[in-house]
Amino acid sequence: MKQNTTQATLFELVYDKTATLPIKIEVKTYPTEPITKENFQRTLLKKTYDLIETLENTWQRAADNIQKLQEKQKERHNNQLPEKPVEFKIGDKILLYRTKTEK
């Protein structure tokens with residue numbers, strides 16, 4: 001389920017891909033090219049760099065979405081505030097609210 005603020009799931013923010021059920025995964029039993037130590041290290045480094053790059057893009061996109069929504073919330077909140085603060089005079093009746101921590 002996508003978060004409203006980031007527009008991504010937590011799994012996507014961590015792994016930069018959508019979660020897949022095990023039944024949907026196709027397992028290749030034979031590699032397409034022979035696995036050597038050099039080939040394995042090169043492939044592992046390429047996969048790591050690609051993952052870091054795409055994760056940074058995903059995180060930046062999520063941060064941008066959060067920033068936009070925070071600005072909207074701030075604007076909405078500021079629009080609800082009265083333009084002129086209420087001034088009380090001596091003798092005006094007010095409602096005193098005591099929180100649980102003050103009791």
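Scanning the range 12-26 for residues that are outside any loop (DSSP other than H, G, I, E, B) and either at pLDDT below 75 or open to solvent by 80 Å² or more (accessible area, probe 1.4 Å) (or both) yields 14, 15, 22, 23, 24.
In the set (1) in contact with an Asp or Glu (Cβ under 8 Å, 6 or more places away or on another chain); (2) modelled with pLDDT of 80 or more; (3) surrounded by fewer than 10 Cβ atoms within 10 Å (Cβ to Cβ), residue 51 fails one condition alone, (3).
The values are calculated or read from the model by the stated rules, or taken from the named source; none is laboratory data. Here the structure is a predicted model, which means the values were calculated and not measured. Glycine gets a Cβ as well: all are built from the backbone with ideal geometry, and neighbour counts include every protein chain shown. To get the accessible areas, we keep the full protein, side chains included, count just its heavy atoms, and leave off ligands, DNA and RNA. Shrake-Rupley method; radii C 1.70, N 1.55, O 1.52, S 1.80 Å.
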